[in-house]
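Laboratory data are not the source of any read-out in this text; all were calculated from the coordinates shown. A quick note: this is a predicted structure, and the numbers were derived from the prediction, not measured. So basically every Cβ, Gly included, is an ideal-geometry build from the backbone, and we count neighbours across all protein chains shown.
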Amino acid sequence: MNRLNVGDTYTSELIVEEKHTAAAFGSGSIFVFSTPMMIGLMENAALKCAEKGLDSDYSTVGMSVDVVHVAATPTGQKVKAVAELVGIEGKRLTFKIEAYDEIEKIGEGRHERYIINVEKFMDKVEEKRGKNA
């Protein structure tokens, strides 16, 4: 099931388009790379890092994010998020996450994910859906 090791890394990248900006996302009024999109890219890097070491019937879900967004990025620039697995406690995974544009570091922080069995997790989600009907 679990072939994860402290020190595992993954990098996710994208080119900043208007749809990724604070103005388009609704998290601000300026056409620069939005904080929610940066966090999403960081989470994606951590997710992909974890999935490299898990069997296909397992995945991870995000539990917490603690980041700072320290520099603005204009549209047209490439941004990348790097996740490094720094802690494994049972099913809880802790990642150091950093984001960079073509010029400088734009964000950093920590992110926790939890290993789940996809089928069991989705059964619980569907059970919850049924209680709302």
Item to check | Hits in region 1-54 (condition: under 19 Å from GLU102 (Cβ atoms), surrounded by 13 or more Cβ atoms within 10 Å (Cβ to Cβ) and among the aliphatic types (A, V, I, L, M)) | outcome: LEU14, VAL16, ALA22, VAL32, MET37, MET38, LEU41, MET42, ALA45
Checklist entry - From the residues in region 17-34 that are out of contact with any Gly (no Cβ under 9 Å at 6 or more places or on another chain) and assigned to a strand (DSSP E or B), which one is farthest from GLU89 (Cα to Cα)? => result VAL32
Checklist entry - Scanning region 1-16 for residues that are assigned to a loop (DSSP other than H, G, I, E, B) and of a type in the set (D, E, K, R), which turns out farthest from LEU85 (Cα to Cα)? => result ARG3
Checklist entry - Which number in (1) among the hydroxyl-bearing types (Ser, Thr, Tyr); (2) farther than 18 Å from TYR114 by Cβ; (3) out of contact with any Lys or Arg (no Cβ under 7 Å at 6 or more places or on another chain) marks the one condition that SER56 misses? => result (2)
Checklist entry - When region 35-46 is examined, which residues are found to be without any contact (Cβ under 8 Å) to a residue 40 or more places away in the chain and either outside any helix (DSSP H, G or I) or of a type in the set (Gly, Ala, Ser) (or both)? => result GLY40
Next on the checklist: Just the residues that are of a type in the set (Ser, Thr, Tyr) and either surrounded by fewer than 14 Cβ atoms within 10 Å (Cβ to Cβ) or more than 22 Å from VAL32 (Cα to Cα) (or both), please, taken from region 73-114.
Outcome noted: THR94, TYR114
Item to check | Lone qualifier among VAL65, VAL61, VAL70 - being surrounded by 15 or more Cβ atoms within 10 Å (Cβ to Cβ) and among the aliphatic types (A, V, I, L, M) | outcome: VAL65
Checklist entry - Between a first residue in region 101-115 that is without any contact (Cβ under 8 Å) to a residue 60 or more places away in the chain and a second residue that is part of a strand (DSSP E or B) and among the β-branched types (Val, Ile, Thr), which pairs have beta carbons less than 6 Å apart while being 6 or more apart in sequence or on different chains? => result GLU112/THR94; TYR114/VAL61
